[in-house]
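Trainee: Pasting a structure here, questions to come.
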Amino acid sequence: MSKILIEDIMNNDILIMGPDDSLVKAVKKMQEKNSDYVLVSNDRYPEGIVTERDVITKVLSVGLKPDKVKLKDIMKSPVMTIEKKLDVKVAWESISESKIKRLIVTESEKAVGVITAFDILSVAPELFEAEEGQNNPEGGFCEFCGSYFPSLNMVEGKYVCDSCKDQLLEE
């Protein structure tokens, strides 16, 4: 495999908002940009992230009023970051080891993009094959949260991770 840098395949169209911005404003921006997350940042330094799932699990399912919630109240922090000049193999290792959906790409500690497992696998599928050979051959991407797992469960006709399986079975 030829060396492919993160900056060559990252998505640099990221949604960034401040920690004191309202959740309602963030959800509207997420809808406008067709994004399932918003990066929470001061001066482009990544402080946290809020995903659609956070809105459901930390706000709606517990009865909070979305118009009273600020992003800093529900953001996951710290976020995992990676420098844009690194090889995508490093990003793949970080994503698959930590079982996260995305890495925030930085330059001089400031957010400049995002990279996902799907971005990496679209240009370097051999990384997935190597990972698959080391783990349970039934592993792959959860059809609910999109993260990679070495083993998945079949629930309602979909392959899902243990966490999503529990959530689906509760509904």
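The values are calculated or read from the model by the stated rules, or taken from the named source; none is laboratory data. These numbers were taken from a predicted model, which means no experiment stands behind them. Please note: Cβ atoms are built from the backbone with ideal geometry, for glycine as well, and neighbour counts cover all protein chains shown.
Trainee: Evaluate the following for V88: is it surrounded by fewer than 18 Cβ atoms within 10 Å (Cβ to Cβ), β-branched (V, I, T) and modelled with pLDDT of 75 or more?
Mentor: No.
Trainee: If you go through the stretch 91-114, how many residues are more than 15 Å from F141 (Cβ to Cβ), touching a residue at least 12 places away in the same chain (Cβ under 8 Å) and touching a helix residue (DSSP H, G or I) at 6+ places or on another chain (Cβ under 9 Å)?
Mentor: Counting residues in the stretch 91-114 that are more than 15 Å from F141 (Cβ to Cβ), touching a residue at least 12 places away in the same chain (Cβ under 8 Å) and touching a helix residue (DSSP H, G or I) at 6+ places or on another chain (Cβ under 9 Å) gives 6.
Trainee: Something else about it: Please give the number of the condition T106 fails out of (1) buried (at least 19 other Cβ atoms within 10 Å of the Cβ); (2) within 21 Å of F144 (Cβ to Cβ).
Mentor: Tallying (1) buried (at least 19 other Cβ atoms within 10 Å of the Cβ); (2) within 21 Å of F144 (Cβ to Cβ), T106 fails exactly one: (2).
Trainee: Restricting the search to the stretch 119-140, which residues are modelled with pLDDT of 75 or more, surrounded by 13 or more Cβ atoms within 10 Å (Cβ to Cβ) and under 18 Å from the mean Cα position of the chain (by Cα)?
Mentor: D119, I120, L121
Trainee: Return yes or no: is V24 farther than 14 Å from I104 by Cβ and at pLDDT 95 or above? I'd like the intermediate steps shown before the answer.
Mentor: Numbers: farther than 14 Å from I104 by Cβ: yes; at pLDDT 95 or above: yes.
Spelling it out, V24 is indeed farther than 14 Å from I104 by Cβ and at pLDDT 95 or above.
Trainee: Here is a further query. For the stretch 139-171, enumerate the residues that are of a type outside the set (D, E) and more than 20 Å from T116 (Cα to Cα).
Mentor: Passing the criteria: N153, M154, V155, G157, K158, K165, Q167, L168, L169.
Trainee: Let me ask you something else. Do the conditions hold for N42, that is, is it out of contact with any Cys (no Cβ under 8 Å at 6 or more places or on another chain), closer than 20 Å to I95 by Cβ and loosely packed, with under 15 Cβ neighbours inside 10 Å? Steps first, please.
Mentor: On the way: out of contact with any Cys (no Cβ under 8 Å at 6 or more places or on another chain): yes; closer than 20 Å to I95 by Cβ: no; loosely packed, with under 15 Cβ neighbours inside 10 Å: yes.
Here the answer is no, as N42 does not meet what is asked.
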